[in-house]
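One structure is given here, and the rest of the page talks about it.
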Amino acid sequence: MSTVLSLHAWLQVVDPQQPANFGPWLLATLVKLLVFFTVYLVGVAYTTLAERKISAWIQGRHGPNRVGPRGLFQPLADGVKNFMKEETLPPHVNRAIFILAPMLSFIPALMVWAIIPWGASWASPWGRIDMVLADLPIGFLFTLAIGSLGVYGIVLAGWGSNNKYALLGGLRSSAQMISYEISMGMSLIPILLLAGNVTLRSVVNQQADMHLWNVLTLAVAFVCYLISAFAETNRLPFDMPEAESELVTGYHTEYSSMKFSMFMIAEYANMVTQSAMIATLFFGGWDIPFVTADNSGAVSLPLVLLSFLIMAAKVVFFIFFYIWVRWTLPRFRYDQLMSLGWKFLLPVCLGYIVVVASLMLALEALGIRRGLVFGLIFLAVNAVILFVVFVVFDRGRVLSPAYRRASAAELARLRGVTAARTNLTTQAGD
Amino acid sequence: MAINVKVVDRPIEETSYVRATLSGLGNTFKHLIDPHKVTVQYPEERWDISPRWRGTHRMLTTEDGKAKCVACGLCPTVCPANCIKLVPGEDEQGNRYPLVFEIDEFRCIFCGYCQEVCPEEAIHLGRHYENSEYSRDGFVYDLERLMAQTHPVCEMWDPADPKGE
């Protein structure tokens, strides 16, 4: 008991905001730690199954259906297989970096999970218990900071492998991550402007107070964030670092067995985390729609569980969306990827910050209070911007399939060359 | 951009990203909910193979259970893969029979010439494709094993009925 008390005293020195009911808080944190990370890792494992199943269904196949009922134990079999596989350590690699890299990509993916709020606070008999592991005051800045550490794993894997394809994958990933992190950060600033705070709890509360999700009030930011999130998690259509058809498998070419599996788990973990982030930042998080009972600080257990379910449903939807997009779109070309990031997303995000800030100032000057009307005006403005942006984007000027448009004279010359060639082959008599 | 890249002025409908993406998502979703699957669930479901399917061999037998083979030596002669080993023997009545008749199914290219050339219609290719063994030796089929096979035999190509109808 005295150790626990001295631990409490030490924690209070480290963090003066320690809750008063230390015992229940510690216990609740341990339970949450266990539950959240178990659910997370099982969820990640089942995301791999979902990926295989959904890809199969989209392609008219059944997908894995041999292990367990309807293939439900497939992730287990995959895990066992990966453990049993031969662990190769190629002689030409930089050993320390080679071994370190999978861990470096795996750990940041897990860490971000700690700050996602999973439900309304529970007014338990032992005091209020928040349904979040670490209610960090720096909120989504933490996800940006830690989430981008994951790129070190990929870059070091590419470098340590001492293999040109792996290195190319690592380089691509570093360039891609840096480019899209900027637009990702910029697309979060409108949320910060609206919520006035970076903690995820205040973002959720702001959406509940406005009775409109951020996806409606900040639709442009949502589109930018969504695209950046795909790029950040290296998912198709932005899986440049892997690009099987170009780079073997990119940064994890030299990896085998569980080390390879770590990269895979990290990818899926990032995907699940980003889905949770999208759900929290833009889709109201755990807030139960059309009900205000859950917004009053701490609530009863059934409401907490309901809010859990709401959050889980949103996260599952976005995981599905990730997979769905992957099996729909082909991979971008690298220069298209860069021009999308720098020439389209970044200017749009920057301009949008100005629009949101001035709109807020204007509405406040007009005396419109935060609420439904405020949100609806935002929605209208967003619809207009989104329409204009998409029409411009659709003209193929920003991200053209070719590098630039050919002039009429050049086109005529090229067509002449083609015509001459056709003529030649016809005369040759085949 | 690299040189020598042909740049084509495409109409907007072809260069569109947003519309193409949305229609693509719609298309994949349509396939996602489509219950029709093309996969054959192999061990439970089997593919209907052609009557002319050329699989592992079998040796047909006479009514008294002997191989129809008269050890004429045509099949090892015609075999392009050299996979048939035949040692002829002769009994008291002067009837030839195979002392050793082995087919190495690993060497065999399943061309079916042995079946075509056989005057006694003894050796046949069969409508059978599930060959797996624990050792390479297991793929050398001797006469007893060839006679013990029960799968249906491959039908020969009939010029009068080229499509097998």
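Amide hydrogen proximity for residue B:97: with H placed 1.01 Å from N in the peptide plane, the residues at 5 or more positions away or on another chain lying under 5 Å are B:89, B:90, B:91.
Structure remark: mean-square fluctuation, Gaussian network model of chain A, C-alpha springs under 10 Å; the largest value among A:394, A:239, A:135 belongs to A:394.
Scalar couplings 3J(HN,Hα) for region A:269-278, obtained by applying the Karplus form with A = 6.51, B = -1.76, C = 1.60 to θ = phi - 60°, are 5, 4, 5, 5, 5, 5, 4, 5, 5, 4 Hz; x denotes Gly and Pro. Of all the options A:158, A:63, A:285, the one that moves most in a Gaussian network model of chain A with Cα springs shorter than 10 angstrom is A:63.
For region B:1-154, the percent of C-alpha pairs falling in each 10 Å distance bin, counted from 0 to the bin holding the largest distance, reads 9, 28, 19, 9, 9, 13, 9, 4, 1. On the basis of the beta-carbon distance and an R0 of 45 Å, residue A:383 and residue A:76 show a calculated FRET efficiency of 0.45. Amide H to amide H under 5 Å from residue B:155: which residues, 5+ apart in sequence or cross-chain, H placed 1.01 Å off N in plane? Amide H neighbours of residue B:155: B:52, B:53.
Shown in residue order for region B:103-116 are the 3J(HN,Hα) couplings computed by the Karplus curve 6.51 cos²θ - 1.76 cosθ + 1.60 at θ = phi - 60°: 10, 8, 5, 6, 7, 4, 9, 6, 7, x, 5, 4, 5, 5 Hz (x for Gly and Pro). Amide H contacts for residue A:120 (H built 1.01 Å from N in the peptide plane; partners 5 or more residues away or on another chain; cut-off under 5 Å): A:307, A:308. Efficiency by 1/(1 + (r/R0)^6): what FRET value for residue A:145 and residue A:34, r their Cβ-Cβ distance, R0 = 35 Å, to the nearest 0.05? Efficiency for this residue pair is about 0.85. Here each label is just a point 7 Å from Cα along the line to Cβ, and for residue B:121 and residue B:64 those points are 2.1 nm apart. Compared with the dominant principal axis of the Cα atoms in chain A, helix A:74-84 is inclined by about 80°. In this structure, residue A:7 and residue B:131 have a Cβ-Cβ separation that, at R0 = 60 Å, corresponds to a calculated FRET efficiency of about 0.35. Listed by chain and number, the lysines placed with their C-alpha closer than 21 angstrom to that of residue A:343 amount to none; residues fewer than eight positions away on the same chain are left out.
Axis of helix A:2-14 versus longest Cα principal axis of chain A: the two differ by about 60°, to the nearest ten degrees. For region A:11-394, the Cβ-based charge dipole about the Cα centre amounts to some 580 debye (Lys, Arg positive; Asp, Glu negative; other atoms uncharged). For the protein assembly as shown, the residue among B:125, B:152, A:37 whose Cα projects farthest onto the positive side of the dipole built from Cβ charges is A:37.
Any read-out appearing in this document is the output of simple, stated calculations on the displayed coordinates, not a laboratory observation. As the structure is a computational prediction, the values presented were derived from the model and not from experiment. Neighbour counts are summed over all protein chains in view; Cβ atoms, including those assigned to glycine, are modelled from backbone coordinates with ideal geometry.
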